[in-house]
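The values are calculated or read from the model by the stated rules, or taken from the named source; none is laboratory data. Keep in mind that what you see is a predicted model, and the values were worked out from it rather than measured. For neighbour counting, all protein chains shown are included, and Cβ atoms are generated from backbone atoms with ideal geometry for every residue, glycine included.
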Amino acid sequence: MVDATIKKTMMTVLVAAFVVQTALVYSDERQEPLSADALAGRELWHANACQVCHQVYGQGGFLGPDLTNASSRVDNARLGLLLREGSGQMPALGFTDEQVAHVAAYLKELDRPDLGRGQLRLGARSEAGGPWGRFADVMDGVVGDVPSDVADGYLAFQERSCTGCHMPLRTSAVGAPDLSLTALSEEEFRGVLVNGRPGTIMVAPTPPLGAEDLAAVSAFIRWLGEHRAGLAAVLDAPGQRAVDWSAIPWWEF
């Protein structure tokens, strides 16, 4: 008799949960519906099981980087190379130019800082979001005033979407190396900054780096190596994350 009552109670709870979920699904309204190109990109996203490795708004796998705000970090040239040729554990999907454009449209329309920011699992604290956002939070506090050429190099590094593939003080999920450990000579490093690495997803930065920016980015990378231990200690400390969960259109993903 007791077992029958427990079963009935559990069944009632499950049915109620199903009804609530159904109501949420069909009453949810997006503030800005996805465009036709973005919808085509979303179809490609699901057809190729991108969510198995990547997250958007906290939903998906952990093998690859969070792509919630990827549109702000990765330019279309780099996105095209990744989708066509792959990188590391990222398989080559052989996408056409049209398919790349559709995925780019989807990622662009997902990139809504007013709803939330990606890479939440990394403990991002800054308004900039992601691991480089947290890096910006602690940069000055670790070593005091940063030299002007290092600050200029960091800015140039960010402006060219280098943070879309590279992670601070670690190798990224797409195989981009930890730049604080680079063993390249000054000449070799500048050669990569000018020409990229042909045959890999490392393309020449866009817009190109002028002589001053080359020197500044080089100074920033050398500075990373010199202060790596102190930066790592702070970056590894627990962080906080903030996102308006109620505003996220969950059912779109």
**Request:** May I ask you to verify whether Asp37 is under 30 Å from the mean Cα position of the chain (by Cα), within 30 Å of Leu79 (Cβ to Cβ) and modelled with pLDDT of 85 or more?
**Result:** yes
**Message:** So in segment 181-201, with the set limited to residues that are out of contact with any Phe, Trp or Tyr (no Cβ under 9 Å at 6 or more places or on another chain) and of a type in the set (Ser, Thr, Tyr), which one is modelled with the lowest pLDDT?
**Reply:** Thr200
**Fill in**
The one condition Ser72 fails out of (1) crowded, with 16+ Cβ neighbours inside 10 Å; (2) on the phi > 0 side of the Ramachandran plot is (2)
**Request:** Exactly one condition in (1) modelled with pLDDT of 90 or more; (2) surrounded by 12 or more Cβ atoms within 10 Å (Cβ to Cβ); (3) assigned to a helix (DSSP H, G or I) is not met by Glu98; state its number.
**Result:** (2)
**Request:** Have a look at Leu83, Leu107 and point out the one that is outside the structural domain of Met167 (by TED's automatic domain parsing), more than 21 Å from Gln158 (Cβ to Cβ), under 17 Å from the mean Cα position of the chain (by Cα) and at pLDDT 90 or above.
**Result:** Leu83
**Request:** Would you please list the contacts, defined by Cβ atoms under 8 Å and residues six or more apart or on different chains, that run from a residue in segment 59-82 that is under 13 Å from Leu110 (Cβ atoms) to a residue that is modelled with pLDDT under 85 and among the basic types (Lys, Arg)?
**Result:** Asp66/Arg121; Thr68/Arg117; Asn69/Arg117
**Item:** Residue among Asp149, Asp178 that is surrounded by 14 or more Cβ atoms within 10 Å (Cβ to Cβ), under 23 Å from the mean Cα position of the chain (by Cα) and not assigned by TED's automatic domain parsing to the domain that holds Gly64
**Value:** Asp178
